[in-house]
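Working notes for the structure below.
The values are calculated or read from the model by the stated rules, or taken from the named source; none is laboratory data. This one's a predicted model, so the numbers in the text were calculated from it and none came from an experiment. Cβ placement follows ideal geometry from the backbone for every residue including glycine, while neighbour counts extend to all protein chains displayed.
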Amino acid sequence: MKHILSLFAAVTLLSGGATVFAESAALVKEKDVVIYSDEGFHSAFPSVVRRPDGELIVAFRRAPNRAVLGEKSTNHTDPNSYLVEVRSTDNGETWTSDPSLILAHPYGGSQDPCMIQLADDSLLVASYGWALPRDETWKTWGNVVNAGKFVFFGGYLVRSTDGGASWSDLILPPTLPGNDTKTAFNTPMPAYNRGSMYQGKSGRIFWAVARHVFDENGRRTENHLLTSDDGGLNWDYRSPIAQDPEIVFNEASIYETPKGDIVTFIRTAKFDDHTVIARSTDGGESFTWEDTGFQGHPHFPLRLPDGRVLLVYGYRHKPMGIRARILNPECTDFKESKEIILREDGGGSDLGYPWATMMADGRVLVCYYFNVGNGTRHIAGTILRIDE
């Protein structure tokens, strides 16, 4: 296993403003940690932020381990799937043992809590979920997304202005143009996606969301851009990010480079699991996408102190685990970047979805959900140290 990742410091030349990179530091894996684990629950899909005082908050989705109730399997759709969080005040060494509730949706189970911290220190969480109707009336409504008996109800957001002590009522994002998909409530589907939003230099929040398309090839998803200029209360449609008649584009994380490009890292299906990168050079008004050539399930970009980007992602092919790459500040060298293995001891494909943050002590925490020996799905982390 590779434990040392090359980092580079950018040096701006006075002549012509060109930028070159010289090796300056190494990112060294210190250890793996367990953030939250309970045999009674399937815990998955974390996100993490560092508060101004250095406290870490990890949000995740927790649902019953159905074996406790005598059932044969635990699935990603569950009417008792809630959004919760745990905290650390010692740079990820120890965590609160009893999760605090972010949201128990009144009509069904919620999925991935995608949390970011805004410039005013407020917290914004995007999620989505599934209802479990008692009959199948929904089959008469037209294009409805279902997983067995569960029916999708699309996306929502919640905000906190007090560090997560309390959370707002549900904020429903708009329905995307051209949407003809209905929810479990027989209403147009609100926009949703799993992945990190990003607040740019101007204060604008960028969010890569998904739209379902039904045609002769079946159902697939594509990605589109929404933006908010008021902290996530209201959203405007901007442009398509990635569309194709065959390829499925779905879970996506978005990022603004120092130059101002809007870059999106996208998980795919029907494309050999290849990661796609989409780029906008006009502030999100238009995008072009291309194949990166590597596989990921899915991704999160973290800006490092030297300006480069640590891209972390799950890996659901043997040996299963968590992987990473280090990209230049503009994220243009993805084809030349080296793949680094953070973990390769996963006991099954139900793992991944990493998220990362710089900690107050200058180390990096990468959090994700994991299983060892195909056992309890739990929230774990890898701590990386930057050596000068």
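A quick yes/no check of all residues on (1) among the β-branched types (Val, Ile, Thr); (2) closer than 16 Å to Asp273 by Cβ; (3) over 18 Å from the mean Cα position of the chain (by Cα):
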position: Pro301; (1), (2), (3): no, no, no
position: Val309; (1), (2), (3): yes, no, no
position: Arg316; (1), (2), (3): no, yes, no
position: Asn328; (1), (2), (3): no, no, yes
position: Ser349; (1), (2), (3): no, yes, no
position: Tyr353; (1), (2), (3): no, yes, no
position: Met358; (1), (2), (3): no, no, no
Test Pro301 against the stated conditions and say whether it is under 26 Å from Ile379 (Cα atoms), surrounded by fewer than 16 Cβ atoms within 10 Å (Cβ to Cβ) and either in contact with a strand residue (DSSP E or B) (Cβ under 9 Å, 6 or more places away or on another chain) or of a type in the set (A, V, I, L, M, F, W, C) (or both). no
Of the residues Thr257, Thr292, Thr288, which is in contact with a Cys (Cβ under 8 Å, 6 or more places away or on another chain), at pLDDT 95 or above and farther than 30 Å from Leu172 by Cβ? Thr257
Restricting to region 73-112, give me the number of residues that are under 27 Å from Gly54 (Cα atoms), in contact with a Ser or Thr (Cβ under 7 Å, 6 or more places away or on another chain) and small (Gly, Ala, Ser). 1
Is it true that some residue in region 212-231 is closer than 28 Å to Leu56 by Cβ, of a type in the set (A, V, I, L, M), at pLDDT 95 or above and buried (at least 19 other Cβ atoms within 10 Å of the Cβ)? yes
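Given the condition of a type in the set (Ser, Thr, Tyr) and under 30 Å from Asn186 (Cβ atoms), answer yes or no: does some residue in region 111-127 qualify?
Within region 111-127, one or more residues are of a type in the set (Ser, Thr, Tyr) and under 30 Å from Asn186 (Cβ atoms).
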Only strands (runs of 3 or more DSSP E) wholly contained in region 17-116 count here; list those with 2 or more residues that are charged (D, E, K, R). 19-36, 56-64, 82-88
Kindly check whether there is at least one residue in region 268-281 that is surrounded by 19 or more Cβ atoms within 10 Å (Cβ to Cβ) and either acidic (Asp, Glu) or in a loop (DSSP other than H, G, I, E, B) (or both). no
